[in-house]
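What follows is a structure written as structure tokens; I'll ask about it next.
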Amino acid sequence: IKLKIVDIPVPITIGPAFEGETIRKKDAYVEFGGGRSTSFELVRMMSADEVEDGKIELIGPDIDEMPEGSVFPIGFMIDIYGRKMQEDFEGVLERRVHYNINYGEGLWHVAQRDMCWVRISKGAKAAGFKIRDFGEILIAKYKSDYPAIVDRVQVTIVTDKDIIEEKIKIAREKYKARDARLKGLTDESVDVFYSCLLCQSFAPNHVCIVTPQRVGLCGAVSWLDAKASNEITPTGPNQPIPKGECLDEAKGMWQSMNEFVYNSSNRTLEEVNLYTLMDRPMTSCGCFEAILAILPLCNGVMITTREHSGDTPCGMTFSTLAGTCGGGVQTPGFMGIGRTYLTSSKFISADGGLGRIVWMPKDLKEYLGQDLVDAAVAAGLGADFVDKIADETVGITEDEILPFLEEKQHPALTMKPLM
Ligand code: SF4
Ligand code: ZN
């Protein structure tokens, strides 16, 4: 790996050494997002006259106006002009926000899009870090890491709690449009899947296989993003893997994927199935948007999200579950996923697909909205299937939700035994 040293005019040290640094709540001066406040990050391709190179604008309070221990909203809007820039590259560059912010000593970033979660440590505050310094880091990194496609960058950072509610609409429109472009593609209609090794800095044996119908578990790397990333950096973390011979169509196992995963996981993983969570499932790093867990009594699967802090019927909260199945190991019965994978017809298709889902937080039902209803209809489960899925208002133990599932005649109860 080639490391470029760039001079960034900020009062903290920037470098890959800080990438794995965790900032605990008690060490944080201020935090943003992560379900506690509105947050988003957005990279947009713009025309030459819309981007003033190097410009950083802060809309809202700066760190000196934020009391210690407080939570504020944050929105990062990164506008890029480049003669060789393509709209397809936006998602790839947006994912870099995560890495670039984590390079800062005393800065911490997890998740992505409108779920991102950021902390600034007390040490960084004491060193004189200001909110606009995020802009300095992002601009310097984009210009030094992507000189071929990035000619001009400007950054707007929003910490105002009213203005962010307007701006986040722009971001959500963009996310939607990006997701929609994938809709016509299926796993069968392409010849290659892509690897993603970006998270190996945190989870050294973790490999994501990204397919048209299975987004990376962070939710931020689609098949199109991985393809674009490979065009930008042919030797980078996203490599095309030709599908070749299929060993198991139902579970989704290919000889070529096995070989790739074996070689890229420091030879710790020999085989991987893409369409099941019960048998040699994909591994999980740490940045999954949601986690699946089996519920044996209900013969089904539950899902909980990073934003949902409450208890769940498997007896664990999201963070406890994350500790159980993260780190790049295969954990049958548990798996981290991107939220939109739920609406894919390849969603754990070997285990019965969407019809296996017996519990999810109310917020996730709302977030997926019509897409979830459409997926249920497409799977032959009927438009009322979503109402058969229990949530925290029904119960948070298997015993509490089982009578509800029986009353609603949830399809999982009559599927073949999960275990
Ligand atoms: Fe890539 Fe997977 Fe990490 Fe997302 S979670 S950045 S797809 S390795
Ligand atoms: Zn990850």
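The values are calculated or read from the model by the stated rules, or taken from the named source; none is laboratory data. From a predicted model like this one, the values you see are computed outputs, not experimental measurements. Backbone-built Cβ (ideal geometry, glycine too); neighbour counts: all protein chains shown.
What tally of residues in segment 197-241 results from selecting those that are in a helix (DSSP H, G or I) and either closer than 24 Å to Lys346 by Cα or more than 13 Å from ligand 2 (Cβ to nearest atom) (or both)?
Of the residues in segment 197-241, 12 are in a helix (DSSP H, G or I) and either closer than 24 Å to Lys346 by Cα or more than 13 Å from ligand 2 (Cβ to nearest atom) (or both).
When you look at Ile120, is it under 19 Å from Lys55 (Cα atoms), buried (at least 18 other Cβ atoms within 10 Å of the Cβ) and either among the hydrophobic types (A, V, I, L, M, F, W, C) or within 16 Å of ligand 2 (Cβ to nearest atom) (or both), yes or no?
Against the criterion (under 19 Å from Lys55 (Cα atoms), buried (at least 18 other Cβ atoms within 10 Å of the Cβ) and either among the hydrophobic types (A, V, I, L, M, F, W, C) or within 16 Å of ligand 2 (Cβ to nearest atom) (or both)), Ile120 does not qualify.
May I ask you to list pairs of residues, at least six apart or on different chains, whose Cβ atoms are under 6 Å apart, with the first in segment 277-288 being more than 8 Å from ligand 1 (Cβ to nearest atom) and the second being β-branched (Val, Ile, Thr) and at pLDDT 95 or above?
Correct list of pairs: Leu277/Ile348; Arg280/Val272; Met282/Val272.
Which residues, taken from segment 296-321, are farther than 14 Å from Gly352 by Cα and touching a Pro at 6+ places or on another chain (Cβ under 7 Å)?
Thr304, Thr305, His308
Which ones in segment 207-222 are of a type outside the set (Gly, Ala, Ser) and either near ligand 1 (Cβ under 8 Å from one of its atoms) or within 20 Å of Leu354 (Cβ to Cβ) (or both)?
If the condition is that a residue be of a type outside the set (Gly, Ala, Ser) and either near ligand 1 (Cβ under 8 Å from one of its atoms) or within 20 Å of Leu354 (Cβ to Cβ) (or both), then Val207, Cys208, Val210, Thr211, Pro212, Gln213, Arg214, Val215, Leu217, Cys218, Val221 are the ones that fit.
Suppose we filter segment 184-196 for residues that are assigned to a loop (DSSP other than H, G, I, E, B) and within 16 Å of ligand 2 (Cβ to nearest atom); how many remain?
Total satisfying the criteria: 0.
Also, I was wondering about something else. Identify all residues within segment 300-331 that are in a loop (DSSP other than H, G, I, E, B), touching a strand residue (DSSP E or B) at 6+ places or on another chain (Cβ under 8 Å) and not small (Gly, Ala, Ser); write none if there are none.
Residues satisfying the conditions are Arg306, Thr312, Pro313, Cys314, Met316, Thr317.
Could you please give the count of residues in segment 211-227 that are in contact with a Ser or Thr (Cβ under 9 Å, 6 or more places away or on another chain) and within 19 Å of Ile291 (Cβ to Cβ)?
Residues flagged as in contact with a Ser or Thr (Cβ under 9 Å, 6 or more places away or on another chain) and within 19 Å of Ile291 (Cβ to Cβ) within segment 211-227 amount to 6.
For Ser309, work out the one condition from (1) farther than 24 Å from Ile209 by Cα; (2) polar (S, T, N, Q); (3) modelled with pLDDT of 95 or more it doesn't fulfil.
The failed condition is (3).
Inspect all residues belonging to segment 336-348 and state whether any of them is part of a helix (DSSP H, G or I), of a type in the set (Lys, Arg) and buried (at least 19 other Cβ atoms within 10 Å of the Cβ).
Yes, segment 336-348 contains a residue that is part of a helix (DSSP H, G or I), of a type in the set (Lys, Arg) and buried (at least 19 other Cβ atoms within 10 Å of the Cβ).
Scan segment 67-96 and report the pairs whose first residue is within 14 Å of Ser222 (Cα to Cα) and free of Cβ contacts under 8 Å to residues at least 60 places away in the same chain and whose second residue is β-branched (Val, Ile, Thr) and part of a loop (DSSP other than H, G, I, E, B), with Cβ atoms within less than 8 Å and a gap of 6+ or a chain change.
Taking only residues 6 or more apart or on different chains, the pairs are Leu93/Val150.
Would you confirm whether or not segment 400-410 contains a residue that is out of contact with any Gly (no Cβ under 7 Å at 6 or more places or on another chain), under 27 Å from Met115 (Cβ atoms) and not β-branched (Val, Ile, Thr)?
Checked against the condition, which is being out of contact with any Gly (no Cβ under 7 Å at 6 or more places or on another chain), under 27 Å from Met115 (Cβ atoms) and not β-branched (Val, Ile, Thr), segment 400-410 yields no hits at all.
Here is a follow-up. Within segment 191-206, restricting attention to residues that are of a type in the set (A, V, I, L, M) and within 7 Å of ligand 1 (Cβ to nearest atom), which residue is surrounded by the most Cβ atoms within 10 Å (Cβ to Cβ)?
Taking the candidates together, the pick is Leu198.
Mind checking which pairs have a first residue in segment 6-32 that is over 12 Å from Gly106 (Cβ atoms) and a second that is among the small types (Gly, Ala, Ser) and part of a helix (DSSP H, G or I), Cβ under 6 Å, 6 or more apart or different chains?
Matching pairs, first to second residue: Val6/Ala140; Val6/Ser144; Ile8/Ala140; Glu19/Ser201.
Okay, next question. Please give the number of the condition Asp62 fails out of (1) surrounded by 21 or more Cβ atoms within 10 Å (Cβ to Cβ); (2) modelled with pLDDT of 95 or more.
Checking Asp62 against (1) surrounded by 21 or more Cβ atoms within 10 Å (Cβ to Cβ); (2) modelled with pLDDT of 95 or more, the one that fails is (1).
Related question: Does segment 125-134 hold any residues that are under 23 Å from Lys55 (Cβ atoms) and assigned to a helix (DSSP H, G or I), and which are they?
Result: Arg132, Asp133, Phe134.
Here is a check on your reading of the model: is Ala171 within 15 Å of ligand 2 (Cβ to nearest atom) and buried (at least 17 other Cβ atoms within 10 Å of the Cβ)?
So Ala171 does not fit the description; no.
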